[in-house]
1. Provide the gained length on full extension for the span Glu40 to Arg24, in nm with one decimal, where the gain is 0.36 nm per separating residue minus the Cα-Cα distance.
2. Asp41 accessible area, nearest 10 Å², 1.4 Å probe?
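The values are calculated or read from the model by the stated rules, or taken from the named source; none is laboratory data. Quick caveat, the model's predicted, so the values are computed rather than measured. These area figures cover heavy atoms from the full protein model, side chains too; ligands, DNA and RNA do not enter into them. Shrake-Rupley method; radii C 1.70, N 1.55, O 1.52, S 1.80 Å.
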Amino acid sequence: MTTSKTMFAPASGLGVFDRESGERQIALEYLAEAWNEAEEDGVQSGSLAHASLFAALATLVKMHGDEAAADLVAMLPDRIRSGEYNLDKILQ
């Protein structure tokens with residue numbers, strides 16, 4: 001699996017999940033590869049993002065139920081505002 005370009009590599013050069021388990025990093029690399037291939041085929045990034053969110057949320061609901069998924073989503077605004085999902089932010 002190789003990813004020549006990826007939107008998931010922050011400016012620090014560290015993977016988003018470097019502080020997490022290796023399995024999540026591998027999963028992200030697979031997603032980045034699929035994302036890049038879809039973009040090369042002309043699929044717009046916005047469409048990919050919406051489809052990815054739908055797939056992720058549907059999976060979380062199936063695995064953990066409506067309430068747990070809703071609780072997770074309720075925490076996202078603060079995490080987004082704090083820069084946790086900003087790939088241009090250098091993490092220390």
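1. 3.3 nm
2. Spelled out: Asp41, probe radius 1.4 Å, area about 130 Å².
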